[in-house]
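Engineer: The following block contains the structure, expressed as structure tokens.
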Amino acid sequence: DSGVTQTPKHLITATGQRVTLRCSPRSGDLSVYWYQQSLDQGLQFLIQYYNGEERAKGNILERFSAQQFPDLHSELNLSSLELGDSALYFCASSPGPADSPLHFGNGTRLTVT
Amino acid sequence: GESVGLHLPTLSVQEGDNSIINCAYSNSASDYFIWYKQESGKGPQFIIDIRSNMDKRQGQRVTVLLNKTVKHLSLQIAATQPGDSAVYFCAENTRGGANSKLTFGKGITLSVRP
């Protein structure tokens, strides 16, 4: 068990809808990262937050947004969903802003129909 | 563009043999490298890491080798066991000013034959 908790485990929704994925980092970790994993793209970095502030941005679509709250949990919001957004979404956490291993949750499987 | 890639998509080994998983990276600015293991239905699990000021690091049954000259990273697993069957990812950390980004390779499937 990595200590990173993601909810829900599975999510099925229709195109055009909006969903929110939730992540609780390991106790003591200040950084939260979001990754998207699909069969043809591998693990793609979306965004990182450190202690409530956005730290780094990857290939995150404008339809997607995230935030990290004062209690350090994070939410990833996906809107105007398209079929191609179907993927596994992983959250990871680490103690500091960089240069330490990321510890991943078990992901949220999003299916857009 | 800059990328992290793996030479082979799948690797099949006999139980008890040693496994070697290779990874090429292209960004010379990368200074930290990590190997992850991902089992079905789970998130990537940290195996071992190495910084660019080292060329070898050993863990329990695993060794990571870094060759900065040819930008090559490898993971060696000794006495491979059925429980080692999984997808393995290499990842490189690249500094970009105040930011750093961890980029993952495509992944390679390790299959252990009994």
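Engineer: When only Cα pairs under 8 Å and 6 or more residues apart are kept, what is the percent relative contact order across segment A:1-86? Write out the running numbers ahead of the final one.
Structural biologist: Values: 152 pairs, mean separation 26.0, N = 86.
Across segment A:1-86, relative contact order equals 30 percent.
Engineer: Still on this structure, please answer the following. Under 5 Å between amide hydrogens, which residues at least 5 positions from residue A:47 or on another chain qualify, with H placed 1.01 Å from N in the peptide plane?
Structural biologist: A:34, A:58
Engineer: Where q = 0.12, 0.13 Å⁻¹, what log10 of I(q)/I(0) comes from the Debye formula for chain A, counting one point per Cα?
Structural biologist: Values returned for q = 0.12, 0.13 Å⁻¹ are -0.36, -0.43.
Engineer: Please state the charge dipole magnitude for chain B, taken about the Cα centre, from unit charges on C-beta atoms (+1 on K and R, -1 on D and E), reported in debye and rounded to the nearest 20. Write out the running numbers ahead of the final one.
Structural biologist: Numbers: 12 positive and 9 negative charges, 38 e Å.
Using Cβ point charges on Lys, Arg, Asp and Glu, chain B gives about 180 debye.
Engineer: What size of dipole, in debye to the nearest 20, comes out for the protein assembly as shown about its Cα centre when the only charges are +1 on Lys and Arg C-beta atoms and -1 on Asp and Glu C-beta atoms? The partial results should precede the final answer.
Structural biologist: Working: 20 positive and 20 negative charges, 36 e Å.
Dipole of the protein assembly as shown, to the nearest 20 debye: 180 debye.
Engineer: A follow-up question, please. Find the sum over both chains of the accessible area lost when B and A are paired, probe 1.4 Å, and report it in Å² to the nearest 100. Numbers along the way, then the final one.
Structural biologist: On the way: alone 6450 and 6100 Å², together 10920 Å².
Roughly 1600 Å² of accessible surface disappears when B and A pair.
Engineer: Compute the accessible area per residue over chain A, keeping the other protein chains in place, probe 1.4 Å, unit Å². Intermediate results must be reported in sequence, preceding the final value.
Structural biologist: Working: 5280 Å² over 113 residues.
Solvent-accessible surface per residue comes out at 47 Å².
Engineer: Averaged per residue, what accessible area in Å² does segment B:30-114 show with a 1.4 Å probe, protein chains only?
Structural biologist: On the way: 3940 Å² over 85 residues.
On a per-residue basis, 46 Å².
Engineer: Sticking with this structure for a sec: When 1/r is averaged over all different Cα pairs and the result inverted, which Kirkwood radius in Å belongs to the protein assembly as shown?
Structural biologist: Details: mean 1/r = 0.0555 Å⁻¹.
For the protein assembly as shown, the Kirkwood estimate is 18.0 Å.
Engineer: What are the trypsin sites (Lys or Arg not before Pro) within segment A:1-82 that DSSP puts in a loop, where the Cβ has at most 14 other Cβ atoms within 10 Å?
Structural biologist: Numbers: sites: A:9, A:18, A:22, A:26, A:55, A:57, A:63; in loops: A:9, A:18, A:26, A:63.
Within segment A:1-82, the qualifying trypsin sites (Lys or Arg not before Pro) (loop, at most 14 other Cβ atoms within 10 Å) are A:9, A:18, A:63.
Engineer: Could you work out, residue by residue across B:101-113, how many beta carbons of other chains sit within 10 Å of that residue's beta carbon, and then give the average as an integer?
Structural biologist: Values: counts 8, 13, 5, 6, 2, 4, 3, 0, 0, 0, 0, 0, 0.
What the average comes to for B:101-113 is 3.
Engineer: Explain nothing, just compute: Karplus ³J(HN,Hα) = 6.51 cos²θ - 1.76 cosθ + 1.60, θ = phi - 60°, for every residue of segment A:46-58 in order, whole Hz, x for Gly and Pro.
Structural biologist: Each residue of segment A:46-58 in turn: 9, 6, 10, 10, 10, 6, x, 10, 5, 10, 8, 10, x Hz.
Engineer: Something else about it: Restricting attention to segment A:75-107, which chymotrypsin sites (Phe, Trp or Tyr not before Pro) occupy a DSSP loop and are surrounded by at most 14 other Cβ atoms within 10 Å? Display every interim value, and only then the final one.
Structural biologist: Working: sites: A:89, A:90, A:104; in loops: none.
Of the chymotrypsin sites (Phe, Trp or Tyr not before Pro), not one in the loops of segment A:75-107 has a Cβ with at most 14 other Cβ atoms within 10 Å.
Engineer: Now for a separate question. For chain A, give the percent of accessible area contributed by carbon and sulfur heavy atoms, probe 1.4 Å, rounded to a whole number. Don't skip to the end; give the middle numbers.
Structural biologist: Values: 2470 of 5280 Å².
C and S fraction of accessible area: 47 percent.
Engineer: Whenever you get a sec, compute what percent of the accessible area on chain B sits on carbon and sulfur atoms (1.4 Å probe). Display every interim value, and only then the final one.
Structural biologist: Values: 2670 of 5640 Å².
Solvent-exposed carbon and sulfur of chain B make up 47 percent of the total.
Engineer: Here's a follow-up. Taking just the alpha-carbon atoms of chain B, what radius of gyration and Dmax come out, in angstrom?
Structural biologist: Using the Cα atoms of chain B, the pair Rg, Dmax is 13.8, 48 Å.
Engineer: Of the cross-linked pairs B:37/B:101; A:9/B:68; A:9/B:71; A:57/B:56; B:42/B:68, which ones have a Cα-Cα span greater than 28 Å in the structure shown?
Structural biologist: Working: B:37/B:101 19 Å; A:9/B:68 39 Å; A:9/B:71 37 Å; A:57/B:56 31 Å; B:42/B:68 31 Å.
Over 28 Å apart, Cα to Cα: A:9/B:68; A:9/B:71; A:57/B:56; B:42/B:68.
The values are calculated or read from the model by the stated rules, or taken from the named source; none is laboratory data. Keep in mind it's a predicted model, so treat the numbers as computed, not measured. A quick note on method: Cβ atoms are made from the backbone with ideal geometry, for glycine too, and the neighbour counts reach across all protein chains shown. Remember, those area values only see protein heavy atoms, side chains included, never the ligands or the DNA or RNA. Shrake-Rupley method; radii C 1.70, N 1.55, O 1.52, S 1.80 Å.
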